[in-house]
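Every number in this text was worked out from the coordinates using simple rules, so none of it is lab data. As the structure is a prediction and not an experimental result, all values here were calculated from the model. Positions of Cβ are backbone-derived with ideal geometry, glycine not excepted, and every protein chain shown enters the neighbour counts.
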Amino acid sequence: MSIVVFGSINMDLVAHAPRIARPGETLFGNDFKTVPGGKGANQAVAVARLGGQAHMLGAVGDDMFGSELRGSLQSYSVDTQAIVCSPGASGVALIMLDAHGENSITVISGANMRLQSDYLDTVMPFLDGATHLLLQLEIPLELVLAAAHLARVRGVMVILDPAPAPAAELPAELYRACDIITPNETETALLTGIDPVDIAQCQKAADVLHQRGSVQVIIKRGSQGVFWSRNGQGIAIPGFSVPVVDTVAAGDCFNGALAVALSERLDMPTALRFATASAALSVTKSGAQPSIPSRADVDAFLHAHTA
């Protein structure tokens with residue numbers, strides 16, 4: 001059984017500085033590197049690293065980054081046969097990291113947003129026999145919605161990471177087409193107008209998303225763990241205290257890990273603990289895909305943190 005990831009493939013251009021510059025300010029940084037990323041690609045790598053069979057669907061450009069991005073995915077044992085190459089630039093993300101590991105990200109979509117509706121003909125065969133479809137919002141929204149519908153009619157569980165959260169409201173149809181929606185705290189506030197500062201506010205925000213059609217809501221709360229609500233009944237899963245180096249891709253690692261755990265038929269609380277541990281380990285290393293832990297690393301971490 002396989003997990004399909006349909007989404008963005010980017011090259012991350014990562015700059016480190018003592019803090020994130022204010023508008024109009026120039027700072028001297030202390031490091032720069034290029035690292036393969038993109039929310040879709042990061043989730044696919046997480047699936048593969050954590051023991052799942054990952055199929056990546058999406059697009060790269062015909063520039064120097066395109067072949068490098070495809071090769072990087074292959075090095076993690078992600079299936080890339082469905083990735084298309086389109087004329088023009090690949091997607092890139094400009095990432096500023098401060099001394100505490102917090103980040104500011106600007107994405108230039110490139111090939112990701114050049115995908116057309118005819119690519120859905122490529123998507124469909126990969127959904128046959130898949131257990132889960134992972135989606136994000138860094139490719140055209142109409143393709144995200146169409147892919148969710150194609151998955152649902154095939155009995156494939158759809159997990160939507162609503163990131164980056166759009167300025168405009170998401171279509172109600174998309175909430176109904178997805179089995180699980182996984183916003184972080186910032187995205188939750190943007191989508192619902194409710195800041196999930198505590199469990200009570202998390203439930204209020206989840207209730208808003210339930211009313212829009214989301215059956216299961218998982219609010220990612222960083223070091224505080226996650227809040228899971230199903231049909232209005234919520235529980236909190238605590239996080240792990242770890243040294244933070246870089247929070248880039250932690251949410252993507254979480255979603256990939258969640259899909260792997262659910263594909264192995266773990267119950268949701270156990271799956272959430274596995275995903276939370278995976279994300280916690282990812283923030284202890286720098287980079288997007290290079291920070292994603294192995295299955296052995298996560299299993300050992302959970303064993304060491306067994307109550």
> Excluding same-chain residues fewer than 8 positions from Lys204, which lysines have a Cα within less than 23 Å of its Cα?
Replying inline: Lys220
> Can you run phi through the Karplus equation (6.51, -1.76, 1.60; θ = phi - 60°) for the range 158-167 and list ³J(HN,Hα) in whole Hz, with x for Gly and Pro?
Replying inline: 9, 10, 9, 9, x, 9, x, 4, x, 5
> Which label marks the calculated value of Rg and Dmax of the Cα atoms in Å, given the options [x] 18.0, 53; [y] 22.2, 69; [z] 21.3, 75?
Replying inline: [x]
>> Of all beta bridges DSSP finds with both residues in the range 88-199, what is the antiparallel percent, to the nearest 5?
In response: 50 percent
> Using unit Cβ charges (K, R positive; D, E negative) and no other charged atoms, how large, in debye to the nearest 20, is the dipole of the range 1-132 about its Cα centre?
Replying inline: 220 debye
> Given +1 on the Cβ of Lys and Arg, -1 on the Cβ of Asp and Glu, and no further charges, what dipole in debye does the range 126-198 carry about its Cα centre, rounded to the nearest 20?
Replying inline: 380 debye
> Could you list, bin by bin from short to long, the percent of Cα-Cα pairs of the range 1-97 in 10 Å steps?
Replying inline: 17, 42, 25, 14, 2, 0
> Roughly speaking, what is the centre-to-centre gap between the range 89-129 and the range 1-64 when only Cα atoms are used, to the nearest Å?
Replying inline: 8 Å
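As a check on your grasp of the helix formula, calculate [θ] at 222 nm for the chain: sum -39500 (n - 2.57) over DSSP H runs of n ≥ 4, divide by the residue count, round to the nearest 500.
-11000 deg cm²/dmol
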> the range 210-250 to the range 132-206: how many Å between their Cα centroids?
Replying inline: 13 Å
> Excluding the sites themselves, what is the longest stretch of the chain that contains no GluC sites (Glu not before Pro) in a DSSP loop with at most 13 other C-beta atoms within 10 Å?
Replying inline: 26-168
>> Cut-off 18 Å, label point 7 angstrom out along Cα-to-Cβ of Asp31: give me the residues of the range 240-269 whose amide nitrogen falls inside.
In response: 243-250
